[in-house]
Amino acid sequence: MVTVRVYVTLKPELLDSAGRTVADSLHRLGFEEVADVRVGRMIELKLESFDEARVKEMSDRLLANPVIEDFRFEAVS
Amino acid sequence: MKVAVLQFPGSNCDQDALHGIQSLGVAADYVWHQEASLAGFEAVFVPGGFSYGDYLRCGAIAARSPIMAAVAEFAEAGGPVIGVCNGFQVLCEAGLLPGGLLLNRDQKFLCQGVWLKPESRLGFWMEGVDRLVRVPIAHGEGRYVCDAETLARLNGEGRVAFRYCDAEGRVTEEANVNGSMDSIAGVLNEKGNVLGMMPHPERALDDLLGGSDGRLLLSALVRVRA
């Protein structure tokens, strides 16, 4: 079994309003050094076999929406 | 004319849509998302709600259900399709409309009336829609975004169906309630037969319930009823 983590993030040019809310909240807690926050999603897959092209296809077709999001993935075990 | 009102797990505007369309004197029936055919239907209404609990992304799972393959084929053949609210999100996720819908600029779920300025004469849905309309919105993720090239095409090809505006028809930053790019409230596909919009025409069909401008927005269905 291979564990693969897919990280999905909003494209950098798009306003991440959830991220902005988190940044505001961190500021209120006294973490003034926070300049920006982007919130993404991590999806962990357990695969019987790891084929990079197939994980890319899964990400392209369902896990991420390439119109608004970027993704990357890594095998962690 | 018989309209298919799609139903996904988590749809919640399906009954409003069916009732609303029938109240216009147009036949309509539900079609479950596991169906693979739209045989016998001449238009498709993809209703609002929270299909599949908005898991992954709004509309993502619904867009990949069996009925959506039939909707894609139907749309490709020129059949009229309208997606409202979550239905708009589903059509974007299915690639039938460009762009996507993100969390509102100010993070709030917005439940209020808005003014819409029709901006297109393209295709089935927009004919005769020639004045400002007042319809409700109810969404948390309605901020329309797309890349710069797509935005230029939508504007250039008359495919922006509606923009948020004020009561005088001015498209202002203040009237752009959710922070959509270029105040876009609804878009059309290239042929104009597929319309997606965040505001709810099916919730504005009766003056007793706050307004009937939705009748104008759905008037195409009545026009081709025969």
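Looking only at region B:19-37, which residues are in contact (Cβ under 8 Å) with a residue 40 or more places away in the chain and either within 16 Å of residue B:64 (Cβ to Cβ) or of a type in the set (A, V, I, L, M, F, W, C) (or both)? Residues satisfying the conditions are B:21, B:24, B:26.
Checking each residue in region B:1-17 for being in a helix (DSSP H, G or I) and open to solvent by less than 20 Å² (accessible area, probe 1.4 Å) picks out B:14, B:17.
For residue B:56, all conditions in the list (1) crowded, with 24+ Cβ neighbours inside 10 Å; (2) at positive phi hold save one; what is the number of the exception? Among (1) crowded, with 24+ Cβ neighbours inside 10 Å; (2) at positive phi, residue B:56 violates only (1). Screening region B:126-179 for strands (runs of 3 or more DSSP E) wholly inside it with 1 or more residues that are more than 14 Å from chain A (Cβ to nearest Cβ) and of a type in the set (Asp, Glu) returns no ranges.
Filtered by the rule that a residue be among the polar types (S, T, N, Q), open to solvent by 10 Å² or more (accessible area, probe 1.4 Å) and out of contact with any Gly (no Cβ under 9 Å at 6 or more places or on another chain), region B:146-182 gives B:155, B:172.
Please go through region A:27-55 and pick out each residue that is small (Gly, Ala, Ser), in a loop (DSSP other than H, G, I, E, B) and loosely packed, with under 10 Cβ neighbours inside 10 Å. Steps first, answer last, please.
In the first step, residues of region A:27-55 are kept if they are small (Gly, Ala, Ser); the result is A:30, A:35, A:40, A:49, A:53.
After this cut, where a residue has to be in a loop (DSSP other than H, G, I, E, B) as well, the list is A:30, A:35, A:40, A:49.
Passing the criteria: A:30, A:35, A:49.
Restricting B:129, B:114 to residues that are touching a residue at least 40 places away in the same chain (Cβ under 8 Å), among the β-branched types (Val, Ile, Thr) and either in contact with a Lys or Arg (Cβ under 7 Å, 6 or more places away or on another chain) or within 30 Å of residue A:24 (Cα to Cα) (or both) narrows the list to B:114.
The values are calculated or read from the model by the stated rules, or taken from the named source; none is laboratory data. Predicted model, so just to flag it, every value in this text is computed and none were measured. Glycine also receives a Cβ, built like all others from the backbone with ideal geometry; neighbour counts cover every protein chain displayed. Quick note on the areas: whole protein, heavy atoms, side chains included, nothing else; ligands and nucleic acids left out. Shrake-Rupley method; radii C 1.70, N 1.55, O 1.52, S 1.80 Å.
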